[in-house]
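The values are calculated or read from the model by the stated rules, or taken from the named source; none is laboratory data. Quantities reported herein were computed from a predicted structural model and do not represent experimental measurements. No Cβ is skipped: glycine too gets one built from the backbone with ideal geometry, and neighbour counts run over all protein chains shown.
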Amino acid sequence: MHSFRYVQGRLHAESVDLGHLAEKHGTPLYVYSSATIRDHFTRLDGALDRLDHLICYAVKANSNLAVLNVIASMGGGFDIVSGGELFRVVRAGGKASNCTFAGVGKTRSEIEYALREGIYCFNAESEAELRFINEIAGELGKRAPVAVRVNPNVDAKTHAKITTGKKENKFGIDFDRIAEVYATIAAECPHLEIKGLQMHIGSQLTSVEPFVEAVTKVVPLVRQMKEDHGLKFFSIGGGLGIVYKNSLDSGSADWWSREGNESHPLTIQAYADAVVPLLEPLGLRILFEPGRFMVGNAGALVTKVLFEKKGSAKDFVIVDAGMNDLIRPTLYEGWHQVTPVEKPVSTETHKADVVGPICETGDFLAQDRDLPPVKEGDYLAVLSSGAYGFSMASNYNSRPLAAEVLVDGKEAHLVRERQTLDDLIRGEHLPI
């Protein structure tokens with residue numbers, strides 16, 4: 001479910017016209033639906049109600065303070081991967097005591113900050129990191145809560161750049177070494193408190209089978225570690241996929257996206273029906289770490305058509321948003337539905353690439369896409385851009401970062417101002 005749909009021929013986020021927002025705030029412009037975020041959280045939370053559980057939203061997907069505040073207000077926890085993300089969570093009204101801290105390269109200052117804030121748990125990814133956390137905790141006179149991330153060597157069958165649970169990935173400790181590592185922690189690291197075990201096999205999974213395979217493989221290990229070390233929780237990570245293709249509702253008549261007829265068999269209920277029975281007998285708190293699922297379809301990137309360019313090999317629609325604003329198509333071959341803000345009245349289409357102003361051949365938002373007629377000044381919405389959109393944006397080509405708006409019913413709030421040219425060079429100095 002999401003809250004982007006045509007109302008009287010104009011694309012809206014909830015009850016707000018995206019074209020009006022673009023006129024007011026300029027483009028490129030990220031627009032998020034708070035109703036969509038709340039709906040996704042509520043439905044996932046309800047599907048897991050047989051478990052003692054905590055939903056820890058993966059902040060890396062979208063770290064805007066307003067988005068984090070929506071999730072904090074629902075009682076959500078957070079999966080963080082940096083001290084900066086923890087700072088954002090706390091500023092947004094979240095609690096460090098509901099945060100898990102993942103990542104293979106935590107620094108001394110980040111570990112100290114998290115310990116002082118009262119982090120729920122560090123998810124450690126190597127023995128060296130565990131010893132480092134133990135050393136720092138001892139210096140601060142604290143015991144650091146830790147879990148070890150296990151690498152179950154399960155193929156998530158997703159894009160190679162977002163799979164994380166195989167032996168050749170940098171994440172976690174090999175499955176067959178976990179028992180040895182926990183025994184070492186207990187014997188040699190007095191400033192660590194063994195609290196749980198964690199896994200995460202990848203992102204944008206649209207089939208339940210990899211989840212079932214991984215959980216089935218790891219549950220006996222969790223049971224043994226619970227008996228040996230008194231585990232309090234098991235985190236099964238995130239990875240729930242979303243619909244990218246044909247993502248507008250069926251009543252939108254978005255006939256120009258004929259190639260986007262994507263099946264999406266993995267529903268929330270199917271996911272819960274598959275994993276809850278495997279987890280319930282453990283008698284542990286179960287942590288879930290969704291990111292894309294929570295916010296992906298809750299966001300759209302609105303961009304303006306600058307020019308049309310007809311070439312001998314293909315046609316181009318040149319817009320004012322580029323790979324610096326949304327890098328998924330370039331980095332992951334990510335497919336996003338591109339939709340006119342004003343609903344076309346003609347059934348005519350033409351094939352074109354939607355490209356940005358960045359000086360790179362890889363600067364595109366869509367390729368070989370059937371599009372309705374567009375003209376200079378029209379607004380297009382790049383849908384399903386709420387996850388890994390702004391959070392991966394950059395100032396490449398010295399382009400200011402886009403503005404962000406959060407919609408709540410009929411209200412629209414500017415939750416991040418567009419960068420100015422002065423912002424681009426803030427903190428830089430000429431040598432004297």
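Any residue in segment 407-417 that is hydrophobic (A, V, I, L, M, F, W, C), buried (at least 20 other Cβ atoms within 10 Å of the Cβ) and assigned to a strand (DSSP E or B)?
Checked segment 407-417: at least one residue is hydrophobic (A, V, I, L, M, F, W, C), buried (at least 20 other Cβ atoms within 10 Å of the Cβ) and assigned to a strand (DSSP E or B).
Every test in (1) within 22 Å of the chain's Cα centre (by Cα); (2) more than 28 Å from residue 72 (Cα to Cα); (3) modelled with pLDDT of 95 or more; (4) of a type in the set (D, E, K, R) is passed by residue 161 save one, and that test is (3). The strands (runs of 3 or more DSSP E) located wholly in segment 261-373 that include 2 or more residues which are hydrophobic (A, V, I, L, M, F, W, C) and over 20 Å from the mean Cα position of the chain (by Cα) occupy 299-310, 315-319, 350-355, 364-371. Can we say residue 404 is in a strand (DSSP E or B), within 22 Å of residue 21 (Cβ to Cβ), touching a residue at least 60 places away in the same chain (Cβ under 8 Å) and acidic (Asp, Glu)? Spelling it out, residue 404 is indeed in a strand (DSSP E or B), within 22 Å of residue 21 (Cβ to Cβ), touching a residue at least 60 places away in the same chain (Cβ under 8 Å) and acidic (Asp, Glu). In segment 126-157, the qualifying residues are those that are free of Cβ contacts under 8 Å to residues at least 60 places away in the same chain, of a type in the set (Gly, Ala, Ser) and not in a helix (DSSP H, G or I), and the one that is farthest from residue 218 (Cα to Cα) is 141.
Note on segment 327-356: residues that are surrounded by 14 or more Cβ atoms within 10 Å (Cβ to Cβ) and in contact with a Lys or Arg (Cβ under 8 Å, 6 or more places away or on another chain) amount to 13. Of all the residues in segment 45-86, those that are touching a helix residue (DSSP H, G or I) at 6+ places or on another chain (Cβ under 7 Å), free of Cβ contacts under 8 Å to residues at least 40 places away in the same chain and of a type outside the set (Val, Ile, Thr) number 8. The set of residues from segment 182-210 being of a type in the set (D, E, K, R), in a helix (DSSP H, G or I) and within 29 Å of the chain's Cα centre (by Cα) comprises just one member, 209. Scanning segment 171-181 for residues that are assigned to a helix (DSSP H, G or I) and touching a residue at least 24 places away in the same chain (Cβ under 8 Å), which turns out surrounded by the most Cβ atoms within 10 Å (Cβ to Cβ)? Restricting to residues being assigned to a helix (DSSP H, G or I) and touching a residue at least 24 places away in the same chain (Cβ under 8 Å), the top hit is 178.
Out of segment 1-55, which residues are hydrophobic (A, V, I, L, M, F, W, C) and at pLDDT below 95?
The first filter runs over segment 1-55 and keeps only residues hydrophobic (A, V, I, L, M, F, W, C), leaving 1, 4, 7, 11, 13, 16, 18, 21-22, 29, 31, 35, 37, 41, 44, 47-48, 51, 54-55.
If the condition is that a residue be hydrophobic (A, V, I, L, M, F, W, C) and at pLDDT below 95, then 1 is the only one that fits.
Looking at residue 179, is it closer than 29 Å to residue 292 by Cα, modelled with pLDDT under 95 and not β-branched (Val, Ile, Thr)? Against the criterion (closer than 29 Å to residue 292 by Cα, modelled with pLDDT under 95 and not β-branched (Val, Ile, Thr)), residue 179 does not qualify. If the condition is being surrounded by fewer than 15 Cβ atoms within 10 Å (Cβ to Cβ) and farther than 25 Å from residue 292 by Cβ, then segment 16-42 contributes 20, 23, 24, 26.
Does residue 422 meet the test of being surrounded by 12 or more Cβ atoms within 10 Å (Cβ to Cβ) and either within 24 Å of residue 69 (Cβ to Cβ) or more than 25 Å from the chain's Cα centre (by Cα) (or both)? Write out each step before concluding.
Values: surrounded by 12 or more Cβ atoms within 10 Å (Cβ to Cβ): no; either within 24 Å of residue 69 (Cβ to Cβ) or more than 25 Å from the chain's Cα centre (by Cα) (or both): yes.
Taking the combined requirement at face value, the residue does not satisfy it.
Each residue in segment 230-240 was checked for being modelled with pLDDT under 95 and either surrounded by fewer than 18 Cβ atoms within 10 Å (Cβ to Cβ) or in a strand (DSSP E or B) (or both), and 1 pass. Looking across segment 77-87, the residues that are over 15 Å from the mean Cα position of the chain (by Cα) and buried (at least 18 other Cβ atoms within 10 Å of the Cβ) come down to 83, 86.
Suppose we filter segment 372-394 for residues that are more than 30 Å from residue 68 (Cα to Cα) and in contact with a helix residue (DSSP H, G or I) (Cβ under 6 Å, 6 or more places away or on another chain); how many remain?
Quick first cut of segment 372-394, residues more than 30 Å from residue 68 (Cα to Cα) only: 372-378.
Now drop any that are not in contact with a helix residue (DSSP H, G or I) (Cβ under 6 Å, 6 or more places away or on another chain), which leaves 372.
Residues flagged as more than 30 Å from residue 68 (Cα to Cα) and in contact with a helix residue (DSSP H, G or I) (Cβ under 6 Å, 6 or more places away or on another chain) within segment 372-394 amount to 1.
Only residues that are farther than 19 Å from residue 13 by Cβ and touching a Pro at 6+ places or on another chain (Cβ under 7 Å) were counted in segment 319-343, giving 2.
Here residue 361 fulfils each of the conditions (1) over 24 Å from residue 88 (Cα atoms); (2) in contact (Cβ under 8 Å) with a residue 24 or more places away in the chain apart from (2).
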